[in-house]
Amino acid sequence: MFLIDYFSFTIRFEKITFDYVLNLLKLQNFKHLFIDVGARDRYEHCFKFGQIEIMLPYAKREDMGIFINLTGQGCREYEDCFKNLYGDNFDWKYLIKRLVNEVNNSHKVNITRLDLAFDDFNGLLKMKQIKQKLLLGEYVSRFKKWNEVESNKTHTKKECIGETYYVGTKQSQCYCKFYDKLLEQKLKNKNDEFVMKQLESMQHWVRFEITFKDKLAILVCNMICYSTDINKDIREYINSCFRFVDLTKSNISRCPVSDFWEQFIQSANVSKYRLIQSNLHGYDKTYKWFTSALAPSLFALMSTYKNRDDFIRDIIFHGAFRLNENHKQIMEFENTGMKLSNQQLWSYNNPYEGIYTYDMEHNDDLELFDYKGFKY
């Protein structure tokens, strides 16, 4: 089973208060333990309880809403708070459903970051093998880049103590990393004899983490909230984002999943769900691509036409019959001046609502909009 290892979000509506957020998080009984540590990250107040942070904006910037930040340790502390209050294991579905209710009440909720962590204690993930697979390009990924980060070097011997492999960039909506969690914990707790005894008894502990931001984080939250088999759905969705494969075919996307990865992730299947780009970002991206890739060719061709209106009319005529879903969405939003509300943003990125499901293998059978076409 995966761990939620980082969770942060903002909630915005008129006259929202610190007490309201505490009630939302079910932390009213711990109010006296929150300490105001002052201004932080453009917020006037940061109330902190352990690694649980609630940040309140300046009076003139109430439009920023209240920011809730749970680091990896903060997530564990939040779970412990529930266990102390209710004497039962905490299910993140409970909190996410409360956030969905806020959205349904027209309160704006944006998930800024959601990290899922998968631990390997059985030796399936070997750091040397992972590096070799990355070097040889034996993986299928949405990410174009990967890099290796060496950490914890001593000043005298210049010795590399730990390595982390990042796939994707931290600026994107999704990226993942592999690192030796056992080594990290030994370095972190080297002065704690009790913890060190526990760690010494362990032979292997490598962690795989995948980070989702913004719309992708909303999609994953919807999966956690509505899935009837969340463990299966999440693992298949991760395979659609990243998976190691054996290069047996010329088309790498059709290569079989590597045995060690299938055993670790417990699935060789790839999810049919993916993010639906349903805002004006699609227009900006297409415009930049058109101006950088096609504009020179367009100018050269137009220069050969005496009547440029005829040329433009021919181009539009041929393009009108080859529109895909992305083109239709751009036209829908640009021609109507429509922008998504926060509530619509959550709905469009809910893979369990039939109208919003996007099947990558049979995408021609599904329509996102009731498209009626445009006259030219």
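Of the residues that sit in the range 226-247 and are of a type in the set (A, V, I, L, M, F, W, C) and open to solvent by 10 Å² or more (accessible area, probe 1.4 Å), which one is nearest to Ser8 (Cα to Cα)? Looking at the filtered set, the residue picked out is Ile230.
Only residues that are of a type outside the set (D, E, K, R), touching a Gly at 6+ places or on another chain (Cβ under 7 Å) and either part of a helix (DSSP H, G or I) or modelled with pLDDT under 90 (or both) were counted across the range 174-190, and they come to 2. Tell me, which helices (runs of 4 or more DSSP H) wholly within the range 201-269 include 1 or more residues that are touching a residue at least 40 places away in the same chain (Cβ under 8 Å), under 24 Å from Glu163 (Cβ atoms) and among the aromatic types (Phe, Trp, Tyr)? Counting at least 1 such residues, we get 259-265.
Kindly evaluate Leu182 against the criterion of being among the hydrophobic types (A, V, I, L, M, F, W, C) and either crowded, with 18+ Cβ neighbours inside 10 Å or in contact with a helix residue (DSSP H, G or I) (Cβ under 8 Å, 6 or more places away or on another chain) (or both). Against the criterion (among the hydrophobic types (A, V, I, L, M, F, W, C) and either crowded, with 18+ Cβ neighbours inside 10 Å or in contact with a helix residue (DSSP H, G or I) (Cβ under 8 Å, 6 or more places away or on another chain) (or both)), Leu182 qualifies.
If you filter the range 263-273 down to residues that are surrounded by fewer than 18 Cβ atoms within 10 Å (Cβ to Cβ) and not aliphatic (A, V, I, L, M), you find that the one that is modelled with the lowest pLDDT is Lys272.
Annotation: of all residues in the range 6-42 being part of a strand (DSSP E or B) and over 24 Å from Asp214 (Cα atoms), the one that is least open to solvent (accessible area, probe 1.4 Å) is Asp36.
Looking across the range 298-317, the residues that are open to solvent by 90 Å² or more (accessible area, probe 1.4 Å), part of a helix (DSSP H, G or I) and of a type in the set (D, E, K, R) come down to Arg308, Asp309, Arg313.
With respect to (1) over 29 Å from Leu216 (Cα atoms); (2) touching an Asp or Glu at 6+ places or on another chain (Cβ under 6 Å), the lone exception for His45 is condition (1). Which of the numbered conditions does Ile68 fail, given that it passes all the others? Conditions: (1) hydrophobic (A, V, I, L, M, F, W, C); (2) farther than 21 Å from Leu116 by Cβ; (3) part of a strand (DSSP E or B). Answer for Ile68: the failing condition is (2).
Only one of these is under 23 Å from Ile238 (Cα atoms) and open to solvent by less than 70 Å² (accessible area, probe 1.4 Å): Leu85, Leu136, Leu124. Name it.
Leu124
Listed conditions (1) in a loop (DSSP other than H, G, I, E, B); (2) open to solvent by 40 Å² or more (accessible area, probe 1.4 Å) are all met by Arg98, apart from (1).
The values are calculated or read from the model by the stated rules, or taken from the named source; none is laboratory data. What you are looking at is a predicted structure, and each value in this text was computed from that prediction instead of being measured. Here the Cβ is made from the backbone with ideal geometry for all residues, glycine too, and neighbour counts use every protein chain on show. Please note that ligands, DNA and RNA were not included when accessible areas were found on the heavy atoms of the full protein model with its side chains. Shrake-Rupley method; radii C 1.70, N 1.55, O 1.52, S 1.80 Å.
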